[in-house]
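**Student:** The structure under discussion is supplied below as structure tokens; questions concerning it will follow.
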């Protein structure tokens, strides 16, 4: 793919580093638009030296010009332009990367990159986003410059983005680790069940993540499963990390799996509704992460997700929740575009 650069065009090197894959892309910035012109994926576990990986990828891209900026996002805590990814043995050192490649570089958290992607999404494109209807059938129109994003996947992430004038600013958050907010008798029982596992009241990530689905399953199985259930025996034969996909697959046919996915969806909706009150994201609250993408049918079934999104004791607060547009992100590469957008705002 040949690219003809105009005088004001910029190429930005963007990265999205996860426990499974390391995605690197060359992103073309043309005015206010960002588009991926090169992309490569490597298995994260096979990476030995991240700087060498980036050097090899840039050489392989054969770019028409040197990247103006570099921004790498990763799942982990970032301090002093340095990140130790949560599930990897190697580090991402932005200062070393900048020194050795000669490209101004910033390292950010993965949900900060997702936050910076939100203004770039085409909300009318069904391949990029799916708007979720409120229980009354309405689709509120986005307005203002306040966005929020939550995402259940390997873990649970939270991000916030605000537009101030013409500039966007994302704020770091570890909201996925806040205490699990039980809201009825069953979720209180679930919390008490998990408290024995963690020797502490569980965080929300303990129920809204892949691990969370396995945790909910353990709770439901103990109270519902009878002897001789072949599906339950098959699930129990797997490591916990491999159980969520099978639980989801049987969620329409097996009563235990059905109960797990129904409970997960209710909790997810309630957490999203709380996020709407915390951040008032009238430009949109967005759902990211593989679990939502792979389980759209559960989110939409009987509008369970959105009914719990709007379940609040205060009618005025419920009215506020009803004004928040909710979207499910379907485009996986948005994190790379968000990282490129962040580079233009954060790199000195």
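**Student:** What order do you get for 104-111, 254-261, 83-90 when each peptide is scored by the mean count of other beta carbon atoms within 10 Å, highest first?
**Tutor:** Most protected by this proxy first, the peptides run 104-111, 254-261, 83-90.
**Student:** Rounded to the nearest 5, what % of the DSSP beta bridges within the range 122-330 are antiparallel ones?
**Tutor:** Of all bridge pairs located within the range 122-330, approximately 65 percent are antiparallel.
**Student:** Place a point 7 Å from the Cα of residue 315 along the Cα-to-Cβ direction; which residues of the range 134-159 have their backbone N under 19 Å from it?
**Tutor:** Under 19 Å, as judged by backbone N against the label point of residue 315, lie 135-136 of the range 134-159.
**Student:** Under the 0.36 nm per residue contour assumption, what length would be gained going from the current alpha-carbon distance of residue 138 and residue 37 to full extension?
**Tutor:** Value of the extension gain: 32.7 nm.
**Student:** In Å, what Kirkwood hydrodynamic radius results for the range 119-239 from the alpha-carbon pair distances? Mind showing how you got there, number by number?
**Tutor:** On the way: mean 1/r = 0.0566 Å⁻¹.
Roughly 17.7 Å, rounded to one decimal.
**Student:** Given axes a ≥ b ≥ c from the Cα gyration tensor, I'd like to know whether the range 221-308 is rounded (a/c under 1.5), prolate (a/b larger than b/c) or oblate.
**Tutor:** Taking the square roots of the gyration eigenvalues as a ≥ b ≥ c, the range 221-308 is prolate.
**Student:** Order these peptides, 317-323, 247-253, by their mean beta-carbon neighbour count within 10 angstrom, highest first. Kindly include the intermediate steps, with their values, before the conclusion.
**Tutor:** On the way: 317-323: 15.7, 247-253: 17.3.
Result, highest mean first: 247-253, 317-323.
**Student:** How big is D for the chain, in µm² s⁻¹ as a whole number, if Stokes-Einstein is applied with the Kirkwood radius of its Cα pairs at 4 °C and 1.567 mPa s?
**Tutor:** Taking Rh from Cα pairs, D becomes 61 µm²/s.
**Student:** Shifting gears a bit: Taking the mean number of other Cβ atoms within 10 Å as a proxy for protection, how do you rank 29-35, 304-310 from highest to lowest?
**Tutor:** The packing order, highest mean first, is 304-310, 29-35.
**Student:** For the Cα atoms of the chain, what angle does the longest principal axis make with the long axis of helix 50-61, in degrees from 0 to 90, nearest 10?
**Tutor:** Helix 50-61 sits roughly 70 degrees off the main axis of the chain.
**Student:** What number, rounded to the nearest 500 deg cm²/dmol, is the helix-based mean residue ellipticity at 222 nm of the chain, given -39500 (n - 2.57) per DSSP H run of at least four residues and division by all its residues?
**Tutor:** For the chain, the value works out to -11500 deg cm²/dmol.
**Student:** Is the range 132-200 best put as rounded, prolate or oblate by its Cα gyration tensor, with a ≥ b ≥ c the root eigenvalues, rounded for a/c under 1.5, and otherwise prolate when a/b is larger than b/c, oblate when not?
**Tutor:** oblate
Every number here is computed from the coordinates shown, using simple stated rules; none is lab data. Only a predicted model underlies this, so the values are computations on that prediction, with no experimental measurement involved. So basically every Cβ, Gly included, is an ideal-geometry build from the backbone, and we count neighbours across all protein chains shown.
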